[in-house]
1. Length gain on complete extension for the stretch Asp126 to Asp45, per 0.36 nm per residue less the alpha carbon to alpha carbon distance?
2. Is the shape of segment 90-148 best called rounded, prolate or oblate, per the rule: a/c under 1.5 gives rounded, else a/b larger than b/c gives prolate, else oblate, with a ≥ b ≥ c the square roots of the Cα gyration tensor eigenvalues?
3. Please give the length that would be gained between Met1 and His134 if that part of the chain were fully extended, namely 0.36 nm times their separation in residues minus their C-alpha to C-alpha distance (nm, one decimal).
4. Only Cα pairs under 8 Å and at least 6 apart count here; give the relative contact order of the chain as a rounded whole percent.
5. Compare Lys123, Lys16 by solvent-accessible area with a 1.4 Å probe and give them largest first, with all protein chains kept in place.
6. Obtain the nm distance between the two label points defined at Ile141 and Arg118 by a simple spin-label model: each point lies 7 Å from its Cα along the Cα-to-C-beta direction.
7. So what are the three principal axis dimensions of the chain from its Cα atoms, in whole Å, longest to shortest?
8. Per DSSP H run of at least 4 residues, take -39500 (n - 2.57); add these up for the chain, divide by its residues and hand me the 222 nm value, nearest 500 deg cm²/dmol.
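The values are calculated or read from the model by the stated rules, or taken from the named source; none is laboratory data. From a predicted model like this one, the values you see are computed outputs, not experimental measurements. For neighbour counting, all protein chains shown are included, and Cβ atoms are generated from backbone atoms with ideal geometry for every residue, glycine included. With ligands, DNA and RNA removed, areas are computed over all heavy atoms of the protein, side chains included. Shrake-Rupley method; radii C 1.70, N 1.55, O 1.52, S 1.80 Å.
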Amino acid sequence: MKAILGSDHAGIAGRKEAVRLLRERGWEVQELGPEGDPEKADYPDIAHQVAQSVISTESEMGVLVCGTGQGMAMTANRYRGARAAVITDPFTAEMSRAHNDANIACFGERVVGAETIRQLLAKFLDTPFEEGRHMARVDKIDQVIGEA
Ligand code: RB5
């Protein structure tokens, strides 16, 4: 099981917590992003790499951490087949997997903090996609209308 994780400078501690959790659970982990001050990264540069790895199936799942999680998700969701969810609470963690089959979990370290990111990611990992009626809805996500 391969996962790819990335953060900018605002999400280093959360990314490290997520890496620890995944390694404890036996995942092979690829990690992108700065290691600490004064190193910085622009969140889109990281999110592009993570989304590309997930949609190519090189990685089964991705985790992205920045200040809010928002810029990471905005970037990752530009890719057809990427389903990046900004997760702020246990219900969102569960539903983004159960109903949306999210394949990239995005977190805001400045919103929830590193320890909560670990707990929310655990919920995300423990929740399977329910399939059934949700399959056709998830397929519709990639039907882009008005594409150039
Ligand atoms: C960095 O200061 C911050 O803008 C970034 O981490 C993120 O919150 C963007 O969505």
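1. Gain in length upon complete extension: 26.3 nm.
2. Oblate shape, in that a/c is at least 1.5 and b/c is the bigger or equal ratio.
3. Net length gain for the segment: 45.5 nm.
4. Numbers: 295 pairs, mean separation 36.6, N = 148.
Rounded, it is 25 percent for the chain.
5. Descending order: Lys123, Lys16.
6. Between Ile141 and Arg118, the simple spin-label model gives 2.8 nm.
7. 44, 36, 27
8. Details: 7 runs with 68 residues, N = 148.
The per-residue figure over the chain is -13500 deg cm²/dmol.
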